[in-house]
Amino acid sequence: MDRRAFIQRLPKAELHLHLEGSLEPAMMLDLAGRNGVELPYADIAEVRAAYEFSSLQDFLDLYYAGMGALRTAADFFTLADACFRRVGADNVTHLECFVDPQAHLGRGVRFADLMQGLNQAVHEAAGRGLEVSLILCFLRHLSEREAFKALEQAEPHHRDFIGVGLDSSELGHPPRKFRNVFAAARSLGFRLTAHAGEEGPAEYVWEALDVLGVERIDHGNRALEDDALVARLRRDQVPLTLCPLSNLKLRVVPDLRAHPLKRMLDLGLLATVNSDDPAYFGGYVNENLGAVAAALELSEAELSAVAANSFKAAFRGPDGPLR
Ligand code: ADE
Ligand code: ZN
């Protein structure tokens, strides 16, 4: 069967998508105009021209600037509704979606407005057959004290989140910096995940597992540099949420033929494919699967295994919590 049709027909879970990374240039300009927010772009072509990244930080600078267009509950609904419709079109039946509340609270957005927009979109997605769980990410370039503040401010909305994560600038911000806030989140019943080993060393993956106690690793590419870590990830079947097009755009890999997905599958790791920031990196999950399958010459059996892994790696199944 044609590869694209095969991928489309596979039911999938998407586990690594930043809501704010789904903000398309047209919507960004539209919302900025509506809210009187000044952005350094005259039109869509200028936004797209700016999307040439040489590192994670390079991307993050634009990502935080772009989300400045989002201000009201209606804006967050508009963003999330478009995102969830697009995710569902790829035959994704379950989405665990990262949100960066600190990036909005710092600009004067009220937590209640953020959640009003998101909850409405989550509710409507469920009616279309897409189950969405939200994950609150702490921004690792800020302090642990700031992360605690975000967890406190989220208090009226804790039940709207299935878990917490850790994202933003990785190098120089090791997981151990957030050990106390992850312990607090765990005792509140949140599921735990963290970005590690995207640009940071294998050591950060160890720390995410052993100091933060996460159940899943977001990215984890550099884990392959450490044989003992690979053995641990295989033994415990720790899910890795890989993002091939992101890795290409942020120069984590020079070429998709060098992407670690196939090596990880061959090593018996529980690897999944996801889209990270689809508006910035050029595709949702089917485009990520299609591009990496072409580059690595993945078989239909391998693609089916990756899709099956996405459900094994999910925090929630169709009938509620999995673990
Ligand atoms: N926030 C949004 N996308 C991210 C990524 N790829 N790594 C770290 N933080 C992020
Ligand atoms: Zn990410």
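The values are calculated or read from the model by the stated rules, or taken from the named source; none is laboratory data. Treat the numbers as computed from the prediction; the structure is a model and nothing was measured. Every residue, glycine among them, receives a Cβ derived from its backbone with ideal geometry; neighbour counts consider all protein chains shown.
Side notes on the structure shown:
- Within the range 92-107, the set of residues being more than 14 Å from Val273 (Cα to Cα), in a strand (DSSP E or B) and more than 14 Å from ligand 2 (Cβ to nearest atom) comprises Thr93 only.
- Residue in the range 12-23 that is surrounded by fewer than 19 Cβ atoms within 10 Å (Cβ to Cβ) and not aromatic (Phe, Trp, Tyr) present: no
Condition check ((1) surrounded by 21 or more Cβ atoms within 10 Å (Cβ to Cβ); (2) in contact with a Lys or Arg (Cβ under 9 Å, 6 or more places away or on another chain); (3) modelled with pLDDT under 95; (4) on the phi > 0 side of the Ramachandran plot) across all residues:
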site: Ala258; (1), (2), (3), (4): no, no, no, no
site: Met264; (1), (2), (3), (4): yes, no, no, no
site: Val273; (1), (2), (3), (4): yes, yes, no, no
site: Phe281; (1), (2), (3), (4): yes, yes, no, no
site: Leu289; (1), (2), (3), (4): yes, yes, no, no
site: Ser310; (1), (2), (3), (4): yes, yes, no, no
site: Gly320; (1), (2), (3), (4): no, no, yes, yes
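- So Arg251, is it within 15 Å of ligand 1 (Cβ to nearest atom), assigned to a loop (DSSP other than H, G, I, E, B), of a type outside the set (A, V, I, L, M, F, W, C) and at pLDDT 95 or above: yes
- Ala295 being at pLDDT 95 or above, away from ligand 1 (no atom under 16 Å from the Cβ) and buried (at least 24 other Cβ atoms within 10 Å of the Cβ): no
- Test for Leu269: is it under 30 Å from Gln8 (Cβ atoms), crowded, with 17+ Cβ neighbours inside 10 Å and within 16 Å of ligand 1 (Cβ to nearest atom): no
- Which numbered condition Ala314 fails, given (1) touching a His at 6+ places or on another chain (Cβ under 8 Å); (2) part of a helix (DSSP H, G or I); (3) in contact (Cβ under 8 Å) with a residue 60 or more places away in the chain: (2)
- Every condition in (1) within 15 Å of ligand 1 (Cβ to nearest atom); (2) within 18 Å of Phe98 (Cβ to Cβ) is met by Ala13 except one, and the failing one is (1).
- The lone criterion from (1) in contact with a Phe, Trp or Tyr (Cβ under 6 Å, 6 or more places away or on another chain); (2) more than 15 Å from ligand 2 (Cβ to nearest atom); (3) touching a residue at least 40 places away in the same chain (Cβ under 8 Å) left unmet by Cys137 is number (2).
- From the list Arg222, Arg235, the lone residue that is under 22 Å from Asn309 (Cβ atoms) and away from ligand 1 (no atom under 14 Å from the Cβ) is Arg235.
- Among the residues of the range 34-71, those that are assigned to a helix (DSSP H, G or I) and among the aliphatic types (A, V, I, L, M) comprise Ile44, Ala45, Val47, Ala49, Ala50, Leu56, Leu60, Leu62, Ala65, Met67, Ala69.
- Within the set Glu14, Glu20, the sole residue that is closer than 25 Å to Asp218 by Cβ, in contact (Cβ under 8 Å) with a residue 60 or more places away in the chain and assigned to a helix (DSSP H, G or I) turns out to be Glu20.
- Condition broken by Pro244, with the remaining ones in (1) within 16 Å of ligand 1 (Cβ to nearest atom); (2) more than 27 Å from Asp58 (Cβ to Cβ) satisfied: (2)
- In the set Val87, Val99, only one residue is buried (at least 17 other Cβ atoms within 10 Å of the Cβ), within 19 Å of Gly283 (Cα to Cα), away from ligand 1 (no atom under 15 Å from the Cβ) and β-branched (Val, Ile, Thr); that residue is Val87.
- Odd one out for Ser168, checked against (1) without any contact (Cβ under 8 Å) to a residue 60 or more places away in the chain; (2) on the phi > 0 side of the Ramachandran plot: (1)
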